[in-house]
Amino acid sequence: MNTQYSIKFFLIAFIILFSGQSIAQVAPNQDKKLKKGAVISQTAQKPKIVTVTTTQQFLDAIASNTTIQLKGHSFYISDVANPNNSSENYNFREVYDGYELLIHDVKNFKIIGLGKNPVRLYTKPDYGNVIAFNNCDNVTIENVDAGHGASKGSCVGGVFKIENTKNFYIKNTIMYGSGIEGITTDNVTNLVCTNSFIRSCTYSIMTLTGSKNIRFENCVFEDNKEYDLVNITSCSNVSFKNCFFEKNRTSESTSYSDYSVFKVTESSKIALEGCFVEANAADYLCNDEKSLILKNTEVNHNDFTKGKFKK
């Protein structure tokens, strides 16, 4: 398992170096109406590349065949969130305590943070996702640190919610709580998440529903809490390679509890290859032994109070 440990130490170094910025840091003042100053370059071939320095510039650049480069320390979405702020490819949906950003109907679209440190992209509403995507094709999120700001422990919305979409790529990105979970999918085909973290989420790690061809590689899932952690329903071809599941906790075990690290329902087998599962606490590793394929995967020092698999 030396290779596994090397990958793990590299990824941990990544998160220590790049996410050391205080989550509680207040968003910098931004001119909500400033639209000038965005640097736009167009090569002979698409996509268009737009470098933005304010949140409104980021919104104005959302379109198909576009790469948005985030230049700066952080972008606070709630600073410009209102129902009248919309375009052909984005709008704000009302949630219980504010508005969430919905990006829809884009193709060949990228959000890339510039610089060595992942760029913060965050929001305030506890009931909203940081960004929701619907009816998109070929989307990339790279070098971003996304979450719900300084709030902790009370969120109902997640980080990235992806619906009715295909070909979605997450690279070198941190998804953190208090969002309820890092990734939520519904009817998604071909999602690849690499070299990324989901950490400190309030109620789970991810929920995948009605989706296929989902792959996580060289990712760390750490310090996530409550209920079932990896929820997979009506999915096919879901795999984890060289991933680390560490220090995650479901609710405290009772005679009535029934929580698993992996809860798999009506799905094809989930493959874990070269993974490391350590220091987690749950009733079970998985609700169904036949639902997991463990290849060169170590499961050590966990507290599965009712057994590794539910019988």
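DSSP beta bridges fully contained in the range 85-139 are about 50 percent antiparallel. Residue-normalised convex hull volume from the C-alpha trace of the range 62-213: 96 Å³ per residue. Excluding Phe168 itself, calculate the net charge of residues whose Cβ lies under 15 Å from the Cβ of Phe168, where each Lys or Arg counts +1 and each Asp or Glu counts -1. Net of charged neighbours comes to +1.
Heavy-atom accessible surface of the range 50-105, averaged per residue, reaches 39 Å², computed with a 1.4 Å probe. The phi-based Karplus calculation (6.51 cos²θ - 1.76 cosθ + 1.60; θ = phi - 60°) puts the 3J(HN,Hα) values of the range 190-204 at 6, 10, 10, 10, 10, 6, 10, 10, 10, 9, 6, 7, 7, 10, 4 Hz, whole numbers, x for Gly and Pro. Just to confirm my numbers, what's the Cα centroid distance between the range 187-246 and the range 269-286 in Å? Taking the Cα centre of each part, the range 187-246 and the range 269-286 sit 12 Å apart. Each Lys and Arg adds +1 at its Cβ and each Asp and Glu adds -1 at its Cβ; summed about the Cα centre, the range 202-311 shows a dipole of about 380 debye. Rolling a 1.4 Å probe across the protein heavy atoms gives the range 169-218 an accessible surface of 25 Å² per residue.
The values are calculated or read from the model by the stated rules, or taken from the named source; none is laboratory data. Computed from a prediction, not measured in an experiment: that's the story for all the values here. Ideal geometry is used to build each Cβ from the backbone, glycine not excepted, and the neighbour counts take in all protein chains shown. All accessible areas refer to the heavy atoms of the entire protein, side chains included, with ligands and DNA or RNA removed. Shrake-Rupley method; radii C 1.70, N 1.55, O 1.52, S 1.80 Å.
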